[in-house]
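Notes for the one structure printed next.
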Amino acid sequence: MKIFIDTANLDMIREINSWGILDGVTTNPSLIAKEGTDTPSRVREIAKIVDGPISAEAMALDAESMIAEGRELAEIHPNINVKLPMCIESLKATKVLAAEGIDVNMTLIFSAHQALLAAKAGASYVSPFVGRLDDIGLRGSELIDEIMHIFSNYGIGTEVIAASIRSPSHVLEAAAAGCDIATIPYNILKQMVAHPKTEEGIRKFIEDYCKDKE
Ligand code: E4P
């Protein structure tokens, strides 16, 4: 499973990239606003750090404007894909952008119907939001299972990005479902590294090694 980081923070991206495990980056308008910047300039900076797909979300609401904004975003760097929110207008825009060779990441996916339609329109990625489904008492990870099952039935090449990840367990559930990509916040990536028994083991090895030198 590919690992993306879900942030627009350059320090976090630099750090996780230095671990040697980073395949790409997703941003969204809320993450960009948190950094006090704008999408085009931030994704341009990110592309200098990470050699992999980077999602840049378009803010337009009608197909024609989404297409224009999508083309501008895609021109920034060959690794940029255009994130569009799932709706009728974005399906129309996806068809046009995909025909031009521009990758679309259809975001705010909350049902398998939406994922199927996005794939049919030509989206390169669909982003089901696991955590936000859990927030309303549903099981977000079941949606990943369902989409993976449907896509494999038909050999659909659209990659599935498990998004809105809130815990290391969400990552494991996505991996168990055979999900192509998980886009993971910085703090969850840190949690995935840590284990109390590993920390205890490191302490003990150092202690024993030092004792032996006395
Ligand atoms: C996906 O690409 C989104 O940026 C993100 O995962 C949303 O996560 P949230 O529900 O924690 O805001």
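Every read-out reported here was derived from the displayed coordinates using simple, explicitly stated rules and does not represent laboratory data. Remember, predicted model here, so these are calculated numbers, not experimental data. Methodologically, a virtual Cβ is constructed for each residue, glycine included, from the backbone with ideal geometry; neighbour enumeration extends over all protein chains shown.
If you sort the three axes of the alpha carbon gyration tensor as a ≥ b ≥ c, you get a/c of 1.5 or more for segment 1-86 and a/b above b/c, which makes it prolate. Its residues counted as N, the chain yields a C-alpha radius of gyration over 2.2 N^0.38 Å of 1.13.
In order along segment 176-181, the Karplus-derived 3J(HN,Hα) couplings, from 6.51 cos²θ - 1.76 cosθ + 1.60 at θ = phi - 60°, round to 5, 7, x, 4, 5, 9 Hz, and Gly and Pro are given as x. In the chain, the longest principal axis of the Cα atoms and the axis of helix 140-154 are about 60 degrees apart.
Near LYS48, once Lys and Arg are set to +1 and Asp and Glu to -1 for all other residues with Cβ below 13 Å from its Cβ, the sum equals +1. Can you tell me the 0 to 90 degree angle between the C-alpha axis of helix 88-99 and the longest principal axis of the chain, rounded to 10? Once rounded, the angle reads 80 degrees. A cut-off of 5 Å between modelled amide H atoms, ignoring neighbours fewer than 5 places along the same chain, links VAL25 with ILE5, ILE54, SER55.
For the pair ALA176 and ALA98, label points projected 7 Å from Cα toward Cβ lie 3.1 nm apart. The modelled label-to-label distance for the pair LEU10/ALA194, using points 7 Å beyond Cα in the direction of Cβ, is 2.8 nm. In segment 1-122, taking the dipole from charged Cβ atoms about the Cα centre, the farthest positive-side position among LEU108, PRO29, ALA56 is held by LEU108. The equivalent ellipsoid of segment 111-197 has semi-axes of 24, 13, 11 Å, largest first, where each one is the square root of 5 times an eigenvalue of the Cα gyration tensor.
Computed from Cα atoms, the angle from the helix 39-49 axis to the main principal axis of the chain rounds to 40 degrees.
Any idea what the dipole of segment 62-214 comes to, in debye rounded to 20, about its Cα centre with Lys/Arg Cβ at +1 and Asp/Glu Cβ at -1? Let's see the in-between values first.
Details: 14 positive and 22 negative charges, 38 e Å.
Magnitude of the dipole: close to 180 debye.
For the set LYS2/LYS95; LYS34/LYS83; LYS48/LYS83; LYS34/LYS197; LYS34/LYS120, the pairs lying more than 29 angstrom apart at their alpha carbons are LYS34/LYS197; LYS34/LYS120.
For the chain, modelled as a GNM whose springs connect Cα atoms under 10 angstrom apart, the maximal fluctuation among ILE109, ILE88, ILE184 occurs at ILE88.
Note on the chain: helix-only mean residue ellipticity at 222 nm, from DSSP H runs of 4+ residues weighted -39500 (n - 2.57) and normalised by residue number, equals -16500 deg cm²/dmol.
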